[in-house]
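Chemist: Below you will find the structure I want to go over with you.
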Amino acid sequence: MESFKDYNFSDEINSALDALKYHEPTKTQQACLHALLEGKDVAVEAQTGSGKTLAFGLTILQKLLDSQAHSQNEQAADSSHPHALVLCPTRELAEQVTYQLQLLARRIANTKILAVFGGVAIAPQLSSLKHPPAVIVGTPGRLMDIAMQGRLSFKGLKTLVLDEADRMLDMGFEDQVDWLLKAINDQAQGVQTLLFSATFGGNIQSLSAQYQKDAQTIQVDDGRTHQHIEQTAYKVLANRRAYAVAALLSEHQPESAIVFCQRKQEVVELHQQLQEDGFGVVQLQGDMEQFERSNAVLLFSADCANVLVATDVAARGLDIPSVDLVINYSISDDLDTHTHRVGRTGRAGLKGKAITLIDDTDETKLIGFNAQLPSDIPVKSGLALRFHKNRIREPQYVGVQIDAGKKQKISKGDILGALAKNAHVPAKDIGKIHVSSHRSFAAIKIRSVKRTLLMFRESKVKGKRLRAKKLV
Ligand code: AMP
């Protein structure tokens, strides 16, 4: 069995890997890390959950350490330009990648890793660039805006990563990606270009052919998609889909489930229906404000909601641990999307379940999928499905939002301390705590929520009175 010790990483990286409890490389990492570390251009077929972020993160940071060691002997390294650039399709992915890289780089001095993305003001991002980051992770549109303003130069760039390249193209970023890659080509030499994509269609191959040098293509069959996932289709009447979802959720009682819909309006309606039925449910769709989306992801990943209803686009790139059950409210148009959805369960070889609802008109799509799969997805009748309200599984925690964060000098420790000492909440009643710039979030077991809210009303944290409320 391979270990990370076999890769001769620098001490700073080995100790971060130990601290993060990453001991063995995943299959995808084993398949690509050697080539990445040799400095080759590589195109890797990898899905979210395969460990791709760590694979390119290790490559970027080891190279950074090597060049720092080298420049101590020669002249000082040019630190005014980024050493590595990671392009991501969405803000959420950019933030997750940044966070993972920051964890990995925390033993490496002077390694600023900055996320830039659209949908928020550009000015704070421009001012963050004044103290030049070693690594920039960003969405193509915003990166292009910044570069066009002359605020970002690629001179000295060593590594370029295209993460979820297929999504980037699907989302219509082709022109921006093209612009950036051309600008990089013009300004920097010898850049190692790495491409990660869940699918390897013609457009990804031409992107690789155009911008990578002698690229090695690595496709990993980690067996997640079909072997560990039990797939079933249920035939239902079109107007009974929502009922069928409620019935399946009350039957399987998953701790976590994602229900995929094709359209935003379906998400809105199904979310409302499941809420009325009594499920702990959140939604993700493109019409939501950024803060609503972040809250939904927090609530779901902190076990404050068992069910997430989402469109494919909204669920892209989310770093949500494997879920127990995936339900396709409606079957997707193509097998790639179906495989992506289904891959949300059964990660890392765990057993997973995926259920697809079909009506008469969907049958031809299912037949098309079956023709390409190693075995047919069995079809059952949905007529016998029954929703039992008394069998709904309650979420483990309630989300509490606190109106203060890093900018107000509030840390995770401050919140834990206040919960334990001021509110006497036992440690086992406290779940995930997340502190962002102006807000914080704590997952609290239902029985301790009242005293938590009372404590924030009646006592101070770090000398300040903080407002807290239940997040729903
Ligand atoms: P990714 O495919 O980059 O989205 O990674 C999926 C998850 O796997 C992340 O939460 C990582 O923290 C985790 N992960 C990545 N590499 C390893 C590893 N070698 N051992 C254990 N967990 C890992």
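Every read-out reported here was derived from the displayed coordinates using simple, explicitly stated rules and does not represent laboratory data. Since the structure is predicted, the reported quantities are computational estimates derived from the model, not experimental observations. Heads up, the Cβs are rebuilt from the backbone with ideal geometry, glycines too, and the neighbour counts pull from every protein chain shown.
Chemist: Cβ under 11 Å from residue 338's Cβ, residue 338 left aside: what net charge do those residues give with Lys, Arg +1 and Asp, Glu -1? If you can, show how the numbers build up before the last one.
Modeler: On the way: positive: 341, 365; negative: 312, 333, 334, 336.
Taking every other residue near residue 338 into account, the sum is -2.
Chemist: Expressed as a whole number of Å, what is the distance separating the alpha-carbon centroids of the range 443-472 and the range 153-215?
Modeler: Cα centres, the range 153-215 to the range 443-472: 47 Å.
Chemist: What's the exposure ranking of 333, 170, going from fewest to most Cβ atoms within 10 Å? Working shown, then result.
Modeler: Working: 333 12, 170 19.
Taking fewest neighbouring Cβ atoms as first place, the list is 333, 170.
Chemist: At 30 angstrom or more along the helix axis (alpha-carbon based) and mean Kyte-Doolittle of -0.5 or higher, what helices does the chain contain? Whole DSSP H runs only.
Modeler: Working: long enough: 52-73 (33 Å, -0.09).
Helix filter hits for the chain: 52-73.
Chemist: Another one. First select every other residue whose beta carbon is under 15 angstrom from the beta carbon of residue 138; then total the charges, Lys and Arg +1, Asp and Glu -1. It would help to have the intermediate numbers written out before the result.
Modeler: Details: positive: 91, 112, 142, 151, 167; negative: 92, 95, 145, 163, 164.
For residues surrounding residue 138, the net value is 0.
Chemist: Give me the extension gain from residue 123 to residue 336: residue separation times 0.36 nm, minus the current Cα-Cα distance, reported in nm with one decimal.
Modeler: Values: separation 213, 0.36 × 213 = 76.68 nm, distance 3.81 nm.
Full extension of this stretch gives 72.9 nm more.
Chemist: Something else about it: Could you pull the Rg and Dmax for the range 4-219, using just the Cα atoms, both in Å?
Modeler: 16.1, 45
Chemist: Ordered by residue, what ³J(HN,Hα) values in Hz, to whole numbers, does the range 379-389 give under the Karplus form 6.51 cos²θ - 1.76 cosθ + 1.60, where θ = phi - 60° and Gly and Pro are x?
Modeler: My calculation for the range 379-389 gives 10, 10, 7, x, 4, 7, 5, 10, 8, 10, 4 Hz in order.
Chemist: Continuing with this model, one more query. Between residue 70 and residue 206, what's the calculated FRET efficiency when r is the beta-carbon distance and R0 is 30 Å? Round to 0.05. Mind dumping the intermediate values first?
Modeler: Numbers: r = 35 Å, r/R0 = 1.17.
Efficiency at R0 = 30 Å is approximately 0.30.
Chemist: Collect residues whose amide H, placed 1.01 Å from N in the peptide plane, falls under 5 Å from the amide H of residue 108; neighbours closer than 5 in sequence don't count.
Modeler: Answer set, sorted by chain and number: none.
Chemist: For 255, 45, what's the fewest-to-most ordering of other Cβ within 10 Å of each Cβ? It would help to have the intermediate numbers written out before the result.
Modeler: Working: 255 12, 45 22.
Lowest count first: 255, 45.
Chemist: Over the Cα atoms of the chain, each weighted equally, I'd like the Debye log10 I(q)/I(0) at q = 0.05, 0.07, 0.08, 0.09 Å⁻¹, rounded to two decimals.
Modeler: Result of the Debye calculation: -0.20, -0.40, -0.53, -0.67.
Chemist: Here is a follow-up. If I take R0 = 60 Å and measure r between the Cβ atoms of residue 359 and residue 458 in this structure, what FRET efficiency does the formula 1/(1 + (r/R0)^6) give, to the nearest 0.05?
Modeler: Given R0 = 60 Å and the Cβ-Cβ separation, E is 0.65.
Chemist: If you take every residue apart from residue 176 with its C-beta less than 12 Å away from the C-beta of residue 176, what net charge results, scoring Lys and Arg +1 and Asp and Glu -1? Mind showing how you got there, number by number?
Modeler: Working: positive: 142, 182; negative: 145, 174, 175, 178.
Result for the local shell: -2.
Chemist: At 10 °C and a viscosity of 1.306 mPa s, what translational diffusion coefficient does Stokes-Einstein give for the range 397-471, taking Rh as the Kirkwood radius over Cα pairs? Give it in µm²/s as a whole number.
Modeler: Values: Rh = 11.7 Å.
Result for D is 135 µm²/s.
Chemist: What FRET efficiency do you get for residue 276 and residue 8 if R0 is 51 Å and r is their Cβ-Cβ distance, rounded to the nearest 0.05?
Modeler: Values: r = 57 Å, r/R0 = 1.13.
The pair residue 276/residue 8 has a calculated efficiency of 0.35.
Chemist: Amide H to amide H under 5 Å from residue 462: which residues, 5+ apart in sequence or cross-chain, H placed 1.01 Å off N in plane?
Modeler: none
Chemist: Among bridges DSSP assigns within the chain, what percent are antiparallel (round to 5)? Working shown, then result.
Modeler: Working: 15 of 67 bridges.
Rounded to the nearest five, the antiparallel share is 20 percent.
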